[in-house]
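Novice: Here it is: the structure, laid out below.
The values are calculated or read from the model by the stated rules, or taken from the named source; none is laboratory data. Here the structure is a predicted model, which is why all the values come from computation and not from measurement. A quick note on method: Cβ atoms are made from the backbone with ideal geometry, for glycine too, and the neighbour counts reach across all protein chains shown.
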Amino acid sequence: MSLLRLAGVNTYYGEIHILQNLTLDVGEGELVSLLGGNASGKSTTLKTILGLVRPRTGAVEFAGEDVTQRATSYRIARGIAIVPENRRLFAPMTVLENLEMGAYLNRDGKGRKEDFERVYTLFPFLHERRHQLAGTLSGGEQQMVAMGRALMSHPKLLLMDEPSMGLAPILVERSFEIIQQVHQAGVAMLVVEQNANMALSIADRGYVLATGRLVLEGPAKQLLEDEGLRKAYLGR
Amino acid sequence: MNLRLVRGRTADVLFYAGIAAVVALLLKEALTNPGHWSLFFQLAVDGVTLGSVYALIAIGYSMVYGILKLLNFAHGDVYMVGAFIGYGILTLFGGAANWTIPVWLLVALMFGASMLGSGFLGVVIERFAYRPLRDAPRLAPLISALGVSFFLQNSALLLLGAQFRAYPFGLIGQGGVSIRTVFISATRIFVIAGAVVLMIVLTVFVRRSRLGKAMRATSYDREAAMMMGIDADRVIASTFFIGSALAGAAGVMFGLVFTEIFHFMGFTAGLKGFTAAVVGGIGSIPGAMLGGLLIGLGEAYATGYVSSTYQDLIVFSILIFVILVRPSGLLGTAAVQKV
Ligand SMILES: Nc1ncnc2c1ncn2[C@@H]1O[C@H](COP(=O)(O)OP(=O)(O)OP(=O)(O)O)[C@@H](O)[C@H]1O
Ligand SMILES: [Mg+2]
């Protein structure tokens, strides 16, 4: 059974029809990549999953429950977390406070110490700089904070919006290593990327969006060899 | 804000020249006026008292602006309602002349009721006048704010009439402290100390508590905060509650010191609070505190050394000067352009 399922989703901004009859799913512990060019609707898909925008028709199901009408905070409490596009750190707050915001819904603070330890083990750097303001970190460092922040809620499903954006090639590689590491720890992931090769090389399956419609889907290996993949980008 | 009439170096030079000029003027007045320093310090006491009230009002303005980018013009009227709630409690327990319960309990009840009542009023205003307009063009909630302001003023007029109501003089105690020739009444000490305590509690709350951090996160980037599972509506309502409760406390403090309250008192106080918030750097809580203090002092010295006729002229001149040379306010951070 799939962990996340979008069924026939149509999302609008005002009268502009963005996502058109989008159906996709992510299984438990699966790593799925969502590819597409600029403005193809990738970020909108993630916002629809989180409930930051509501689809006009169609359903969003998570962990066997229809959450289409549920608030964002409810969905996050069920086990979704996101590393947003451009990271969106709370720049005037410290690294530590940013991580705390990631664990916001863990009200009683149970297991919070372990959560911090887990994140600090993955990124020892964050512990070193925990009192530094997030806005003063470099791009690569901010990416670590964004990942750490998302992992603070130990999600079942982690959404990542263009984790490689604005990073030097070596940091992109490092980023993808960490993605794999988190995936191997059993977290399902939906990774949005423009860097198709990189994303597919670590994914189980992939989807390709063009102007709000799915144009290709299948096992990552198969997509990597697909002639149409290039066309999907260029022919958008 | 990109509209700067005076830029860079010139602005800095003007800023420091302005401060130097004010200090020089004050010194000149202090040295040449009858009473010399004793008047100077007496005015300082007045200024700090007024400044405490303005600072508490300014904090609410600033917090709401920080989180919604909305100038809540009804804020001054919430302060007025707070002053009247305090008066209502007073009347309930025997009136201004012969209250029937111990003074400390009476004052505690006045503050408690006023802060709670104003806080809830703020939440209701947000829920019905601003939330439905959250995604509307910026002008719409502004107009709605003006509407709420008129509504509150006129409701007070209708319910309570146009006459002044009076808090008892020296409710806290008739005495005070004399330092040489400068007298500080017990009421003023109480009000200043109360305001300082409230500001410290607020600062610690915003820095350390879970909700305080959520407020800062939501102010900085509401959508990102929602992505963390923060319920932005709840956080915004809490911001209104806290800001309005502080305004309510300020209303009671004003009544205790200046005794006379009336339905239109929120208008000028609101303008002063707004001025204080902008001077300090709107969106910044320490800025609101500093701005409130400066506006209070400015008003007291203007009244004492120039004339009470010109006090508002001088206060708003400070506003215009600061906007010209420090558009983001004294402690405000220059508006960072978000990508
Ligand atoms: N809040 C909004 N209001 C109106 N239109 C929007 C809004 N957000 C996105 N859009 C539009 O929706 C379309 C899809 O945007 P989206 O951000 O989902 O694309 P994307 O695939 O993530 O692109 P990119 O790779 O550039 O991040 C674009 O045409 C965009 O202009
Ligand atoms: Mg995007």
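Novice: Out of (1) within 16 Å of ligand 1 (Cβ to nearest atom); (2) away from chain B (no Cβ under 13 Å); (3) of a type in the set (Gly, Ala, Ser); (4) part of a helix (DSSP H, G or I), what's the single condition that is false for A:GLY140?
Specialist: So the condition that A:GLY140 fails would be (1).
Novice: Got a sec? Which helices (runs of 4 or more DSSP H) wholly within the stretch B:182-259 have at least 1 residues that are under 17 Å from the mean Cα position of the chain (by Cα) and modelled with pLDDT of 95 or more?
Specialist: Result: B:186-208, B:232-258.
Novice: Residue by residue through the stretch A:13-48, note down the ones that are within 14 Å of chain B (Cβ to nearest Cβ), touching a residue at least 24 places away in the same chain (Cβ under 8 Å) and within 7 Å of ligand 1 (Cβ to nearest atom).
Specialist: Answer for the stretch A:13-48, where residues must be within 14 Å of chain B (Cβ to nearest Cβ), touching a residue at least 24 places away in the same chain (Cβ under 8 Å) and within 7 Å of ligand 1 (Cβ to nearest atom): A:TYR13, A:SER43, A:THR44.
Novice: Kindly evaluate A:SER2 against the criterion of being away from every other protein chain (no Cβ under 14 Å) and either more than 16 Å from ligand 2 (Cβ to nearest atom) or out of contact with any helix residue (DSSP H, G or I) (no Cβ under 7 Å at 6 or more places or on another chain) (or both).
Specialist: Taking the combined requirement at face value, the residue satisfies it.
Novice: What number of residues in the stretch B:135-180 are without any contact (Cβ under 8 Å) to a residue 24 or more places away in the chain, of a type in the set (S, T, N, Q) and surrounded by 14 or more Cβ atoms within 10 Å (Cβ to Cβ)?
Specialist: Residues in the stretch B:135-180 being without any contact (Cβ under 8 Å) to a residue 24 or more places away in the chain, of a type in the set (S, T, N, Q) and surrounded by 14 or more Cβ atoms within 10 Å (Cβ to Cβ): 1 in total.
Novice: Then there's this: Take the stretch A:62-74 and flag every residue that is part of a loop (DSSP other than H, G, I, E, B) and within 13 Å of chain B (Cβ to nearest Cβ).
Specialist: A:ARG70, A:ALA71
Novice: For the stretch A:80-109, how many residues are away from ligand 2 (no atom under 16 Å from the Cβ), part of a loop (DSSP other than H, G, I, E, B) and acidic (Asp, Glu)?
Specialist: Residues that pass the stated criteria total 1.
Novice: Yes or no: the stretch B:181-196 includes at least one residue that is loosely packed, with under 12 Cβ neighbours inside 10 Å and without any contact (Cβ under 8 Å) to a residue 12 or more places away in the chain.
Specialist: yes
Novice: Is it the case, given these coordinates, that A:THR57 is in contact (Cβ under 8 Å) with a residue 12 or more places away in the chain and over 24 Å from A:PRO163 (Cβ atoms)?
Specialist: Answer is yes for this residue.
Novice: Using beta carbons and a limit of 6 Å, which pairs, at least six apart or on different chains, have the first residue in the stretch B:123-134 and over 9 Å from B:PHE240 (Cβ atoms) and the second one hydrophobic (A, V, I, L, M, F, W, C)?
Specialist: Between residues of the stretch B:123-134 that are over 9 Å from B:PHE240 (Cβ atoms) and residues that are hydrophobic (A, V, I, L, M, F, W, C), the close pairs are B:ALA129/B:VAL148; B:LEU133/B:ALA140.
Novice: Anything in the stretch A:151-171 that is away from chain B (no Cβ under 14 Å) and within 16 Å of ligand 1 (Cβ to nearest atom)? List them, or say none.
Specialist: Scanning the stretch A:151-171 gives A:PRO163, A:SER164, A:LEU167.
Novice: Is it the case that some residue within the stretch A:132-143 is closer than 28 Å to A:GLY41 by Cα, more than 16 Å from ligand 2 (Cβ to nearest atom) and buried (at least 22 other Cβ atoms within 10 Å of the Cβ)?
Specialist: Checked the stretch A:132-143: at least one residue is closer than 28 Å to A:GLY41 by Cα, more than 16 Å from ligand 2 (Cβ to nearest atom) and buried (at least 22 other Cβ atoms within 10 Å of the Cβ).
Novice: Mind telling me which of the residues A:ALA77, A:ALA59 ends up being away from ligand 2 (no atom under 16 Å from the Cβ), surrounded by fewer than 23 Cβ atoms within 10 Å (Cβ to Cβ) and part of a helix (DSSP H, G or I)?
Specialist: Just a single option satisfies the conditions, and that option is A:ALA77.
For (1) acidic (Asp, Glu); (2) touching a helix residue (DSSP H, G or I) at 6+ places or on another chain (Cβ under 7 Å); (3) closer than 22 Å to B:ARG222 by Cβ; (4) within 7 Å of another protein chain (Cβ to nearest Cβ), each residue gets a yes or a no:
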| position | (1), (2), (3), (4) |
| --- | --- |
| A:ARG78 | no, no, yes, no |
| A:VAL83 | no, yes, yes, no |
| A:GLY102 | no, yes, yes, yes |
| A:ASP108 | yes, no, no, no |
| A:GLY111 | no, no, no, no |
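Novice: For A:LEU89, which of the numbered conditions (1) touching a helix residue (DSSP H, G or I) at 6+ places or on another chain (Cβ under 7 Å); (2) away from every other protein chain (no Cβ under 14 Å) fails to hold?
Specialist: (2)
Novice: Another one. I need the helices (runs of 4 or more DSSP H) fully contained in the stretch B:3-100, keeping only those with at least 2 residues that are without any contact (Cβ under 8 Å) to a residue 40 or more places away in the chain and polar (S, T, N, Q). Please lay out each step first, then the result.
Specialist: Working: elements: B:8-32, B:36-68, B:75-92.
Counting at least 2 such residues, we get B:8-32.
Novice: Out of B:LEU324, B:LEU294, B:LEU313, I need the residue that is buried (at least 17 other Cβ atoms within 10 Å of the Cβ) and either touching a His at 6+ places or on another chain (Cβ under 8 Å) or not aromatic (Phe, Trp, Tyr) (or both). Which one?
Specialist: Details: B:LEU324 fails: buried (at least 17 other Cβ atoms within 10 Å of the Cβ); B:LEU313 fails: buried (at least 17 other Cβ atoms within 10 Å of the Cβ).
Exactly one of B:LEU324, B:LEU294, B:LEU313 is buried (at least 17 other Cβ atoms within 10 Å of the Cβ) and either touching a His at 6+ places or on another chain (Cβ under 8 Å) or not aromatic (Phe, Trp, Tyr) (or both), namely B:LEU294.
Novice: Of all the residues that make up the stretch A:37-48, how many are touching a Leu at 6+ places or on another chain (Cβ under 7 Å) and either more than 13 Å from ligand 2 (Cβ to nearest atom) or part of a loop (DSSP other than H, G, I, E, B) (or both)?
Specialist: 2
Novice: Another question about this same structure. Collect the residues in the stretch A:110-133 that are part of a helix (DSSP H, G or I) and more than 20 Å from the chain's Cα centre (by Cα), keeping them in residue-number order.
Specialist: Matches in the stretch A:110-133: A:ARG112, A:LYS113, A:GLU114, A:PHE116, A:GLU117, A:TYR120, A:THR121, A:PRO124, A:PHE125, A:LEU126, A:HIS127, A:GLU128.
Novice: Among (1) under 15 Å from B:SER328 (Cβ atoms); (2) more than 13 Å from the chain's Cα centre (by Cα), where does B:ALA277 come up short?
Specialist: B:ALA277 satisfies every listed condition except (2).
Novice: A further question follows. Out of the helices (runs of 4 or more DSSP H) lying entirely within the stretch A:146-225, which hold 2 or more residues that are within 16 Å of ligand 2 (Cβ to nearest atom)? Write out each step before concluding.
Specialist: Values: elements: A:169-184, A:196-202, A:220-224.
Where helices (runs of 4 or more DSSP H) fall fully within the stretch A:146-225 and carry at least 2 residues being within 16 Å of ligand 2 (Cβ to nearest atom), they are A:196-202.
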